[in-house]
Amino acid sequence: MSDIDVLLQENRRFAPPGHFSEQAHVNSWALHQSAAADMEGYWASRARELDWFTPFTSVLEWTPPRAKWFTGGTLNVAYNCVDRHISTARRNKAAIIFEGEPGDRRTLTYWDLYVEVRKCASMLKSLGVQKGDRVGIYLPLIPEAAIAMLACARIGAIHSVVFGGFSPESLRDRMNDAQAKVVITADGGYRRGQVVPLKRNTDKALEDAPSVQHVIVVQRRPGGLGDESFADMREGRDHWWHRLMAHASTDCPAEPMDSEDVLFILYTSGTTGKPKGIVHTTAGYLTGVAATTRDVFDLKDDDVFWCTADVGWITGHSYLVYGPLANGATIVMYEGAPDWPDKDRFWEICARHGVTVFYTAPTAIRAFMKWGDHWPTRHDLSRLRLLGSVGEPINPEAWVWYHEHIGHGRCPIVDTWWQTETGAIVISPLPGITTTKPGSATKALPGYTAELLDANATVIPTGGGLLALTRPWPSMLRTIWGDDNRYVETYFSKWPGRPDLYFPGDGAKRDDDGFFWILGRVDDVLNVAGHRIGTMEVESALVEHPAVAEAAVVGKVHELKGQALAAFVTLRTGFHHSSELRDELKAFVADKIGAIARPDDILFSADLPKTRSGKIMRRLLRDIAEGRALGDTTTLADPNVVAGLKEQYESQE
Ligand code: 7RM
């Protein structure tokens, strides 16, 4: 396999503002240097920032591709996220500021959380849940989701959160794979003014999930004791959360867990086949997320941190719940959609709660750009001091828009690269020291070693190649639940004879400063006339055009070139498609990055097919561009989008 060609040049630079650097937790590169000199020593010291019941005796046992971190020690994740703050001034500090989509609000202090988590843990125990048992969590984004996760952690039960937007079939498959004993759900959740029927979905899922013995139902819909006809409670199996909690005891000590005990399983859909149950363990995971939350988001006691991700994704696990709470931070949690009831809901929330650190995804940023600058302008965003991005490569244009229109030129941006499998952020700026470049996730954080490799595992110092993590790290996945072979094959078999090299599946380029530019999944890389082109660069060029809000680029078979490019383009509000604009965009790309990347086809569309976590699904666009039947569409947020696109694409030719 040849290297990936590097096309796009981005020369803008953003040094950290002086006032930011002065107060930042990390304000020199010495941390990187000392961590590189003694990786294990570095992580041991970060692990010691946690509260341990018994100290660990060994830092790392590494028998590639298997790592054990901090063995010999015992600790509890819920204790670290809640109990340890109770004996400090944080006792009455807001832990969770919650806002429901309909506008209901609740604030839980650390003390409130302490009460709720212990009661929830007792409730689980009273239903027979024991250490090591699996508990499914299928809830809207409400405080009970965090409480349930922490309650599981408290008693050593393994949670598996399933995103509330998933279907009954997805829930069923995950509960069966995990052999869950209990499912925690709600009578409904709110999304764009509609009620998502979570309990009905659960009933449907459980028709064929015999391991589940009990269902706990949070009453989310208003109306006294809950609408039993809607929730349809099944005698003996189903229990209202509030009824059990009313009698649950706060007397429930945190279970001492071994460092390598499983904390949770989180399913992630691979490109093909059944979802993978990514397994994370206790001490390494918490060390990784606590340390990166503190350093990357520069969290201080007076910060209000809003990570917009749902708990159904790893971002919600690591940077909505575990990382911030381990740091004793105040978090904002919002249940609903960014455009409900209007397209400024996020900015209204930022202004109302005085959000200081805001972390969202490029897909959302591009939607804000598309909707227009006037939405954020209406609100007071002056408390914001730091912005973050995660989930996909962020196009330089979106980065600069975010910097200007949300950060008002004042807030550093941290573009954080990581995965469900890495557990915590791996490549990211540190906001007090890194001079950022729009579109680059910059460098590996202290304690991580990322390289670009070619097919023979030779290091590529500059240029394009395969991203690899060459040393183990504490929050790495430990296996795939029930399928250890798949763990080895998927992540540690890219370079034969080198089970020590982790392959994340992404391509990247490295510039002269050693900065990484993630180019996307290698499955998406294009090959045009022998040039390997990352989709990200062509998409970024398109998005630079003032008419374009979002673009997805795929390859289609071409007799001469091997592949030709097909681009799917969404326009910004106020722009209209025409054949002139199509020609203009083709010329624009050719001009920006070279004739090699000039798209053969451009299709204008109102929406792009995305996964439920907002990542563009190029595989289906390839099916369309190559005239094939559509592959699996079950993981899409809205399967209608892709069916509509197919029709449109075929009728234009
Ligand atoms: C956190 C998360 C992982 C994949 C990863 C990449 C892509 C995530 C960035 C990014 C470029 C980023 N976990 N990705 N963050 N690409 N820049 N800052 O998203 O398991 O759901 O996805 O997402 O391809 O491999 S995930």
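Given the options PHE604, PHE503, name the one that is more than 16 Å from the ligand (Cβ to nearest atom) and aromatic (Phe, Trp, Tyr).
Working: PHE503 fails: more than 16 Å from the ligand (Cβ to nearest atom).
None of the others qualify; the one that does is PHE604.
Any residue in the range 608-634 that's open to solvent by 40 Å² or more (accessible area, probe 1.4 Å): show its pairings with residues that are within 16 Å of the ligand (Cβ to nearest atom) and of a type in the set (A, V, I, L, M, F, W, C) at Cβ separation under 6 Å, as long as the two are six or more apart or on different chains.
Matching pairs, first to second residue: ARG612/ALA637; SER613/TRP313; ARG622/VAL554.
From SER389, SER382, which residue is polar (S, T, N, Q) and over 21 Å from the mean Cα position of the chain (by Cα)?
None of the other options fit; the residue is SER382.
Which residue out of LEU7, LEU31 is aliphatic (A, V, I, L, M), under 26 Å from the mean Cα position of the chain (by Cα) and either surrounded by fewer than 19 Cβ atoms within 10 Å (Cβ to Cβ) or under 30 Å from GLU404 (Cβ atoms) (or both)?
Going through LEU7, LEU31 in turn, the sole match is LEU31.
Does GLY432 count as in a loop (DSSP other than H, G, I, E, B), farther than 18 Å from VAL390 by Cα, touching a His at 6+ places or on another chain (Cβ under 9 Å) and of a type in the set (Gly, Ala, Ser)?
Working: in a loop (DSSP other than H, G, I, E, B): yes; farther than 18 Å from VAL390 by Cα: yes; touching a His at 6+ places or on another chain (Cβ under 9 Å): yes; of a type in the set (Gly, Ala, Ser): yes.
Yes.
When LYS370 is evaluated against the numbered criteria (1) at pLDDT 95 or above; (2) charged (D, E, K, R); (3) under 27 Å from ALA547 (Cα atoms); (4) surrounded by fewer than 24 Cβ atoms within 10 Å (Cβ to Cβ), which criterion, by number, is the only one it fails?
For LYS370, the failing item is (1).
What about PRO474, is it touching a helix residue (DSSP H, G or I) at 6+ places or on another chain (Cβ under 7 Å), in a loop (DSSP other than H, G, I, E, B), away from the ligand (no atom under 12 Å from the Cβ) and of a type outside the set (Gly, Ala, Ser)?
Details: touching a helix residue (DSSP H, G or I) at 6+ places or on another chain (Cβ under 7 Å): yes; in a loop (DSSP other than H, G, I, E, B): yes; away from the ligand (no atom under 12 Å from the Cβ): yes; of a type outside the set (Gly, Ala, Ser): yes.
When the stated conditions are applied, PRO474 passes them.
Every residue, every condition in (1) of a type in the set (A, V, I, L, M, F, W, C); (2) touching a Phe, Trp or Tyr at 6+ places or on another chain (Cβ under 6 Å); (3) in contact (Cβ under 8 Å) with a residue 24 or more places away in the chain; (4) open to solvent by less than 10 Å² (accessible area, probe 1.4 Å), yes or no:
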site	(1), (2), (3), (4)
PHE516	yes, no, yes, yes
VAL528	yes, no, yes, yes
GLU537	no, no, yes, yes
SER540	no, no, yes, yes
GLY555	no, no, yes, yes
GLU559	no, no, no, no
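Could you tell me whether the range 391-408 includes any residue that is part of a strand (DSSP E or B) and surrounded by 21 or more Cβ atoms within 10 Å (Cβ to Cβ)?
No, there is no match, as no residue in the range 391-408 is part of a strand (DSSP E or B) and surrounded by 21 or more Cβ atoms within 10 Å (Cβ to Cβ).
Run down THR88, THR57, THR71, THR63 and say which single residue is touching a strand residue (DSSP E or B) at 6+ places or on another chain (Cβ under 7 Å) and among the hydroxyl-bearing types (Ser, Thr, Tyr).
THR71
A quick yes/no check of all residues on (1) away from the ligand (no atom under 16 Å from the Cβ); (2) at pLDDT below 95; (3) farther than 26 Å from ASN11 by Cα:
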| position | (1), (2), (3) |
| --- | --- |
| ASP342 | yes, no, yes |
| GLU397 | no, yes, no |
| TYR402 | no, no, no |
| HIS405 | yes, no, no |
| GLY423 | no, no, yes |
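Select from the range 363-394 the residues that are within 16 Å of the ligand (Cβ to nearest atom), touching a residue at least 60 places away in the same chain (Cβ under 8 Å) and either under 24 Å from ILE616 (Cα atoms) or β-branched (Val, Ile, Thr) (or both) and list them in ascending order. Working first, answer last.
Our first condition is that a residue be within 16 Å of the ligand (Cβ to nearest atom); within the range 363-394, this holds for 363-366, 386-394.
Applying the additional criterion that residues be touching a residue at least 60 places away in the same chain (Cβ under 8 Å) yields 363-364, 366, 386, 388, 390-393.
Residues satisfying the conditions are THR363, ALA364, ARG366, GLY388, VAL390, GLY391, GLU392, PRO393.
Collect the residues in the range 477-500 that are within 16 Å of the ligand (Cβ to nearest atom) and of a type in the set (Phe, Trp, Tyr), keeping them in residue-number order.
TRP481, TYR487, TYR491, PHE492
Consider only pairs whose beta carbons are under 7 Å apart and that are at least six residues apart or on different chains; among these, list those whose first residue lies in the range 105-123 and is surrounded by fewer than 20 Cβ atoms within 10 Å (Cβ to Cβ) and whose second residue is basic (Lys, Arg).
THR109/LYS93; TRP111/ARG91
A quick yes/no check of all residues on (1) modelled with pLDDT of 95 or more; (2) in a helix (DSSP H, G or I); (3) exposed (fewer than 14 other Cβ atoms within 10 Å of the Cβ); (4) of a type in the set (Val, Ile, Thr):
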{"position": "ARG174", "(1), (2), (3), (4)": "yes, yes, no, no"}
{"position": "THR185", "(1), (2), (3), (4)": "yes, no, no, yes"}
{"position": "LYS204", "(1), (2), (3), (4)": "yes, yes, no, no"}
{"position": "ASP208", "(1), (2), (3), (4)": "yes, no, yes, no"}
{"position": "VAL217", "(1), (2), (3), (4)": "yes, no, no, yes"}
{"position": "GLY226", "(1), (2), (3), (4)": "no, no, no, no"}
{"position": "PHE230", "(1), (2), (3), (4)": "no, yes, no, no"}
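The values are calculated or read from the model by the stated rules, or taken from the named source; none is laboratory data. Note that the coordinates shown come from a computational prediction; the quantities given were computed from them, not determined experimentally. All Cβ positions, even for glycine, are placed from backbone atoms using ideal geometry, and neighbour counts span all protein chains on display. These accessible areas exclude ligands, DNA and RNA; they are computed on the full protein's heavy atoms, side chains included. Shrake-Rupley method; radii C 1.70, N 1.55, O 1.52, S 1.80 Å.
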